[in-house]
Amino acid sequence: MIEKLNIVKQRFDEVNDLIIQPDIISNQKRYVELNKEYKDLKALMDVREKYIELTDNIQESEEIIADGSDAEMTEMAKLQLDEAKSELPKLDEKIRMMLVPKDPEDAKNVVMEIRAGAGGDEASIFAGDLYKMYNKYADGRGWKCNIVDYNEGTNGGFKEMIFEISGEDVYGTLKFEAGVHRVQRVPQTETQGRVHTSAATVMVLPEAEEFDVEINPKEVRVDFFCSSGPGGQSVNTTYSAVRLTHIPTGLVAQCQDQKSQHKNKEKAFRVLRSRLYDMELAKKLEADSAKRNSMVSSGDRSAKIRTYNYSQSRVTDHRINLTLYDLSNIINGDIQKIIDELQLVENTEKLKENSDAF
C-alpha cells in the first residue's frame, strides 16, 4: 500500500508545482481540473501520513517488545501495538476506496428538474414535497439552491420545478436521485380515505461549464415573454422571461425567476448547456453499461427508484432493497443515510472492478 501512496505523492508534488505556473493559471479549464485533482490528492496525502504513523508505531512497538528489558515500556508498547493493529485495517480499506478512480463529473454543481407524473393534483403536490426535501438537504449541507423555472400545480406543489444547486461534490452526492419517485398516501382531496399512488420524475444534470460545451449563438433561437404565475396569468408587464431553443437538437430551456432579462438569459443558457452536456453523458453511461451493470446506475430515468409510503411511514429504495421507517424525517431533508448506502454500493462495485490494482 505504501508504494501506491508514494506514487500518489509524486503526482501530488507535480500538481502542486503545476498550479502555480502562469501558463496553467491562464488556461481556465486546465487550472480548474488541476485544482480539483490537487484537492483529491491532498486528502490522500493526509491519510498517507496517518498510514505511515501507524506502520511506524507497529515497528517501534515490536522492537520494544522484542527487547523486553523495560517492563513498563514493554507494557505500553503492547497497548500501542494493539491500537495500531486495530486501526490499520480500517485505514487500509479507506485508502482502497479513495484510490478507486473518481467520476470526473462528481465535483460539478447540478441542475435538478422535478416533474409531476401520473396522479394529477396529488402528483404536483408530491413534486413540491420532493423540491422542499432537496432544498432542506442542500441547506443542511451548506449548499446554495436557486430556482430557474417552475410551473405551479392547480392545488399546490409544482407541475415542474427546475433549480440549481451549487456547492462541494454536489453531483457525486445527488446523481443517484435521478429516476421515478413514487408516493402512496391519502390525498388531501380524497373524501373516502383511499390511498392513492402518484409519481414524480427527478432529473439530476451535472452543470456544464462554458468550456465543457460550446454553443453556437446562431443555432439558438431566443424568445422573450412575460413571467407568469399560477394558471398562466401574467405577473409582470415586462418581457423579462427568456426561452432558448437549440435548433440542432430541439432542446428548450427557459427562465423566468429573475426580474432582469439578462440574468434570466444567463440562467437559461446554463440549463441549456447542462442538458446538451447530459445528452453526451447519457451516451457515455449507455456505453459503460455494456461493460458494467451497476445496481445504482444513474442512467435510466424511467426506472422506479424509490417509494414513500405515508401510512407505514416507510421509504424504500428499490435498487438496493433498503427500507427505512423514518418517512417524516426523510421527507424533511434527512436523506443522508440513503445517499450513504447508495454510495457504498457503488464504491464496493468500483472496488471489485479495480481489485487487480491492489
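The values are calculated or read from the model by the stated rules, or taken from the named source; none is laboratory data. Model, not experiment: these values are computed from the prediction. Please note: Cβ atoms are built from the backbone with ideal geometry, for glycine as well, and neighbour counts cover all protein chains shown.
For segment 129-190, please list each of the strands (runs of 3 or more DSSP E) lying entirely inside it that holds at least 3 residues being aliphatic (A, V, I, L, M).
Strands (runs of 3 or more DSSP E) meeting the threshold: 158-166.
For segment 303-327, which positions are of a type in the set (Gly, Ala, Ser) and farther than 15 Å from His181 by Cα? Working first, answer last.
Step one: of segment 303-327, the residues of a type in the set (Gly, Ala, Ser) are 303, 311, 313.
Across segment 303-327, the qualifying residues are Ser311, Ser313.
Name the residues in segment 80-101 that are touching a Leu at 6+ places or on another chain (Cβ under 9 Å) and touching a residue at least 60 places away in the same chain (Cβ under 8 Å), would you?
Ile95, Arg96, Met97, Leu99, Val100, listed by residue number.
Of all residues in segment 1-51, which are among the hydrophobic types (A, V, I, L, M, F, W, C), farther than 21 Å from Asp169 by Cβ and surrounded by 13 or more Cβ atoms within 10 Å (Cβ to Cβ)?
Met1, Leu5, Leu18, Ile24, Ile25
Residue check, Glu122 against (1) over 24 Å from the mean Cα position of the chain (by Cα); (2) part of a loop (DSSP other than H, G, I, E, B), all met but one. Which one?
Result: Glu122 passes all but (2).
Of the residues Lys50, Lys36, which single one is modelled with pLDDT under 90, of a type outside the set (A, V, I, L, M, F, W, C), part of a helix (DSSP H, G or I) and not assigned by TED's automatic domain parsing to the domain that holds Asp169?
Numbers: Lys50 fails: modelled with pLDDT under 90.
Unique residue meeting the criteria: Lys36.
Is it true that Ile165 is among the hydrophobic types (A, V, I, L, M, F, W, C), surrounded by fewer than 17 Cβ atoms within 10 Å (Cβ to Cβ) and farther than 22 Å from Arg314 by Cβ?
no
Name the residue that is modelled with the highest pLDDT, counting only residues in segment 219-270 that are assigned to a loop (DSSP other than H, G, I, E, B) and aliphatic (A, V, I, L, M).
Within segment 219-270, the match that is modelled with the highest pLDDT is Ile247.
Taking the stated definitions as given, is Asn135 of a type in the set (S, T, N, Q) and without any contact (Cβ under 8 Å) to a residue 40 or more places away in the chain?
So Asn135 does not fit the description; no.
Here are Ile125, Ile52: which of them is out of contact with any strand residue (DSSP E or B) (no Cβ under 7 Å at 6 or more places or on another chain) and among the hydrophobic types (A, V, I, L, M, F, W, C)? Can you show your working first?
Details: Ile125 fails: out of contact with any strand residue (DSSP E or B) (no Cβ under 7 Å at 6 or more places or on another chain).
Testing whether each residue is out of contact with any strand residue (DSSP E or B) (no Cβ under 7 Å at 6 or more places or on another chain) and among the hydrophobic types (A, V, I, L, M, F, W, C) leaves just Ile52.
Just a yes or no: is a residue in segment 93-100 in a helix (DSSP H, G or I), outside the structural domain of Ile339 (by TED's automatic domain parsing), surrounded by fewer than 17 Cβ atoms within 10 Å (Cβ to Cβ) and more than 21 Å from the chain's Cα centre (by Cα)?
Yes, segment 93-100 has at least one match.
Mind checking whether some residue in segment 65-79 is of a type outside the set (S, T, N, Q) and in contact (Cβ under 8 Å) with a residue 40 or more places away in the chain? Give the steps one after another, and end with the answer.
Narrowing segment 65-79 to residues of a type outside the set (S, T, N, Q): 65-68, 70-73, 75-79.
Next cut, in contact (Cβ under 8 Å) with a residue 40 or more places away in the chain only: none.
Within segment 65-79, none of the residues are of a type outside the set (S, T, N, Q) and in contact (Cβ under 8 Å) with a residue 40 or more places away in the chain.
Would you pick out the residues in segment 317-344 that are β-branched (Val, Ile, Thr), outside any loop (DSSP other than H, G, I, E, B) and surrounded by 18 or more Cβ atoms within 10 Å (Cβ to Cβ)?
If the condition is that a residue be β-branched (Val, Ile, Thr), outside any loop (DSSP other than H, G, I, E, B) and surrounded by 18 or more Cβ atoms within 10 Å (Cβ to Cβ), then Ile330, Ile331, Ile338 are the ones that fit.
Would you mind telling me which numbered condition in (1) assigned to a helix (DSSP H, G or I); (2) closer than 25 Å to Glu37 by Cα Val213 fails?
Of the numbered conditions (1) assigned to a helix (DSSP H, G or I); (2) closer than 25 Å to Glu37 by Cα, the odd one out for Val213 is (1).
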